[in-house]
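The values are calculated or read from the model by the stated rules, or taken from the named source; none is laboratory data. Keep in mind that what you see is a predicted model, and the values were worked out from it rather than measured. Ideal geometry is used to build each Cβ from the backbone, glycine not excepted, and the neighbour counts take in all protein chains shown.
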Amino acid sequence: MDRIAIVGGAQLNGEIPISGAKNSAIKLMAASLLTDQPLRLTNMPRLADTRFLGRLLQRLGAEVVERDGEAGAETVLRTSEIVSAIAPYDLVRQMRASFNVLGPLVARAGHAKVSLPGGCTIGARPVDLHLKALEALGASIDLHEGYVYAQAPRGLKGAEIEFPFVSVGATEHTLLAAVLADGETVIRKAACEPEIGDLAECLTAMGAQIEGAGTPTIRVKGVARLGGATHSVIPDRIETGTFALAAAMAGGEVRLTKTRSDFIEALLLKMEEAGVGIARAADSVTIKRDSAKRLKAVTFDTEPYPGFPTDLQAQFMALMTLADGESVIRESIFENRFMHAPELARLGAEITVQGGEARVTGVEKLFGAQVMATDLRASVSLVIAGLAARGETVVNRVYHLDRGFERLEAKLSACGADIRRVRDNSEEL
Ligand code: UD1
């Protein structure tokens, strides 16, 4: 498996173009199952996760064409017919969001058999809210041998659904099913993440009737059929935030382009509080940091949007390892999402974790070491730490990074980082 080697100490200066949002792209791809017409998605990120979902969709009957369009990478998906309504374990296990094909399959084909995603390294991550919502929409659900069997032979029916707490995936999944249900669906305590608005916009372009996406109450008037559309994927706010934190860690001045700073306002406010210079513009954000001056430790809780995103918690913790003072980080979205803490400690960070709370006492220096992480955002936090550590940091299991970051090392090295990919047989790329 490839590794990433970073020699810390170089400042970052230049521009980094931000890719389309992974977490949006994979739900938009699943939406293509709802119509027999082509769905053209532009500003597509090319990632292991999108390739992977493409393979699953092909198995279900989709034609998936990846090509270079005028405005960058695009994917055209067309499912003239559902040839199989079965998503097997080996495919769902590899990427949890594959589970989101369940709703569209039931909505369009009237039945589906989809593997439960199984355990996950960032906590239990159940799918009970997804299943309850589909039941409320009239699907009968049975669980056997790790599979969900869903049936709605006479179609889904609109319903009132109130979630007990915010779930991004369950909100998206309910939208993906309710658009073809008979009658009105009201989703209360809906997630407000920008990816929900993006999905609703795409579904609306396909002919769906949706109001209130991006607010806690979403109303969907079901339609009999959806058509094709062209839709541009929103910029990846987690990639934006990650590079913003990388620039803050290394020092220098980096402009992040093709993005939306309003999507990461909670992060930018915390970065300003820590002493990082931020200049917001319509479709870019510039990060400026004088690395001779130490940042201040700041404290934060992860929250649903528009709060501080859990997907940037690990990266911010990396920044705090060198800040002046103590930072208290509370993770309120996922249990067990501090696996990066012991790896950061290998670089010299001082972190104590108790339940859902981590205390980071800033140190003066980090030192390069061999590290590894078991999830995507945790892995990239180690890259960020490596940018400021003395000597060489080697991040193992790059597989995780490739799932969610497009050309990570190319984007960072274009701004001056000393970072390279090393093949397992030690041949450098
Ligand atoms: C999505 C994102 C992920 C991000 C997370 C929170 C994708 C592919 N992934 O994940 O990167 O970290 O939102 O912003 O978009 N829960 C239940 N039952 C359910 C569903 C969720 O108990 O049926 C719990 C989860 O375990 C978690 C919390 O709800 O504790 C929030 O999870 P959710 O918002 O659903 O996250 P995902 O959609 O899985």
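Suppose we filter the stretch 249-259 for residues that are surrounded by 18 or more Cβ atoms within 10 Å (Cβ to Cβ) and β-branched (V, I, T); how many remain?
Total satisfying the criteria: 2.
Would a scan of the stretch 202-213 turn up a residue that is closer than 30 Å to L387 by Cβ and either at pLDDT 95 or above or part of a loop (DSSP other than H, G, I, E, B) (or both)? Even if it seems obvious, please write down each step before you answer.
Residues of the stretch 202-213 that are closer than 30 Å to L387 by Cβ, as a first pass: none.
The answer is no, given that none of the residues of the stretch 202-213 is closer than 30 Å to L387 by Cβ and either at pLDDT 95 or above or part of a loop (DSSP other than H, G, I, E, B) (or both).
So, in the stretch 265-308, exactly how many residues are surrounded by fewer than 21 Cβ atoms within 10 Å (Cβ to Cβ), closer than 18 Å to I333 by Cα and polar (S, T, N, Q)?
Number satisfying all stated conditions: 1.
Return the residue satisfying two criteria in turn: it lies in the stretch 310-344 and is of a type in the set (G, A, S) and within 17 Å of V380 (Cβ to Cβ), and of such residues it is nearest to the ligand (Cβ to nearest atom).
Residues of the stretch 310-344 that are of a type in the set (G, A, S), as a first pass: 314, 318, 323, 325, 327, 332, 341.
Now drop any that are not within 17 Å of V380 (Cβ to Cβ), which leaves 314, 318, 341.
Working: A314: 11, A318: 17, A341: 17 Å.
This residue is A314.
Kindly evaluate I86 against the criterion of being more than 11 Å from the ligand (Cβ to nearest atom), without any contact (Cβ under 8 Å) to a residue 12 or more places away in the chain and among the aliphatic types (A, V, I, L, M).
Values: more than 11 Å from the ligand (Cβ to nearest atom): yes; without any contact (Cβ under 8 Å) to a residue 12 or more places away in the chain: no; among the aliphatic types (A, V, I, L, M): yes.
When the stated conditions are applied, I86 does not pass them.
Could you tell me which of the residues D311, D262 is part of a helix (DSSP H, G or I), at pLDDT 95 or above and surrounded by fewer than 19 Cβ atoms within 10 Å (Cβ to Cβ)?
Working: D311 fails: surrounded by fewer than 19 Cβ atoms within 10 Å (Cβ to Cβ).
Of D311, D262, the one residue that is part of a helix (DSSP H, G or I), at pLDDT 95 or above and surrounded by fewer than 19 Cβ atoms within 10 Å (Cβ to Cβ) is D262.
Filter the stretch 250-309 for residues that are under 19 Å from the mean Cα position of the chain (by Cα) and among the small types (G, A, S) and give the result. Even if it seems obvious, please write down each step before you answer.
Kept after step one, since they are under 19 Å from the mean Cα position of the chain (by Cα), are these residues of the stretch 250-309: 256-268, 301-309.
Hits for the stretch 250-309 are S261, A266, G307.
Would you check if there is a residue in the stretch 357-364 being out of contact with any Pro (no Cβ under 7 Å at 6 or more places or on another chain) and assigned to a helix (DSSP H, G or I)? Before the answer, list the steps.
Step one: of the stretch 357-364, the residues out of contact with any Pro (no Cβ under 7 Å at 6 or more places or on another chain) are 357-364.
Now narrow it down to the ones that are assigned to a helix (DSSP H, G or I): none.
No, the stretch 357-364 contains no residue that is out of contact with any Pro (no Cβ under 7 Å at 6 or more places or on another chain) and assigned to a helix (DSSP H, G or I).
Determine the pairs where a residue that is away from the ligand (no atom under 16 Å from the Cβ), located within the stretch 13-34, has a partner that is among the aromatic types (F, W, Y) and assigned to a helix (DSSP H, G or I) with Cβ atoms under 8 Å apart, the partner being 6 or more residues away or on another chain.
Taking only residues 6 or more apart or on different chains, the pairs are I16/F243; I18/F243.
Within the stretch 100-116, take every residue that is crowded, with 24+ Cβ neighbours inside 10 Å and within 15 Å of the ligand (Cβ to nearest atom) and give me the one that is farthest from R403 (Cα to Cα).
Among those that are crowded, with 24+ Cβ neighbours inside 10 Å and within 15 Å of the ligand (Cβ to nearest atom), it is G103.
Mind telling me which of the residues E74, E135, E81, E66 ends up being buried (at least 19 other Cβ atoms within 10 Å of the Cβ) and either more than 19 Å from V168 (Cβ to Cβ) or away from the ligand (no atom under 15 Å from the Cβ) (or both)?
Details: E135 fails: buried (at least 19 other Cβ atoms within 10 Å of the Cβ); E81 fails: buried (at least 19 other Cβ atoms within 10 Å of the Cβ); E66 fails: buried (at least 19 other Cβ atoms within 10 Å of the Cβ).
Matching residue, one of E74, E135, E81, E66: E74.
I need a count of the residues in the stretch 379-409 that are at pLDDT 90 or above and out of contact with any strand residue (DSSP E or B) (no Cβ under 9 Å at 6 or more places or on another chain). Steps first, answer last, please.
The initial filter retains those residues of the stretch 379-409 that are at pLDDT 90 or above, namely 379-396, 405-409.
Add one more test, that the residue is out of contact with any strand residue (DSSP E or B) (no Cβ under 9 Å at 6 or more places or on another chain), and what stays is 381, 384, 388, 405, 407.
Qualifying residue count for the region: 5.
Does I329 count as more than 18 Å from the chain's Cα centre (by Cα) and either closer than 19 Å to E303 by Cα or at pLDDT below 95 (or both)? Before the answer, list the steps.
Values: more than 18 Å from the chain's Cα centre (by Cα): yes; either closer than 19 Å to E303 by Cα or at pLDDT below 95 (or both): yes.
Yes, satisfied.
Matching residues to (1) modelled with pLDDT of 95 or more; (2) closer than 24 Å to L12 by Cβ:
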residue: G275; (1), (2): yes, yes
residue: I278; (1), (2): yes, yes
residue: S291; (1), (2): no, yes
residue: D301; (1), (2): yes, no
residue: Y305; (1), (2): yes, no
residue: Q315; (1), (2): yes, yes
residue: E335; (1), (2): no, no
residue: E350; (1), (2): yes, no
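Just to be sure I understand, how many residues within the stretch 311-334 are farther than 25 Å from A21 by Cβ and either aliphatic (A, V, I, L, M) or in contact (Cβ under 8 Å) with a residue 60 or more places away in the chain (or both)?
Count: 5.
What is the number of the single condition among (1) more than 14 Å from L33 (Cβ to Cβ); (2) β-branched (V, I, T); (3) more than 16 Å from the ligand (Cβ to nearest atom); (4) in contact with a helix residue (DSSP H, G or I) (Cβ under 7 Å, 6 or more places away or on another chain) that I141 does not meet?
Going through the list (1) more than 14 Å from L33 (Cβ to Cβ); (2) β-branched (V, I, T); (3) more than 16 Å from the ligand (Cβ to nearest atom); (4) in contact with a helix residue (DSSP H, G or I) (Cβ under 7 Å, 6 or more places away or on another chain), I141 breaks only (3).
Within 15 Å of the ligand (Cβ to nearest atom) and free of Cβ contacts under 8 Å to residues at least 60 places away in the same chain, is that true of A170?
Yes; evaluated as a whole, the condition is true for this residue.
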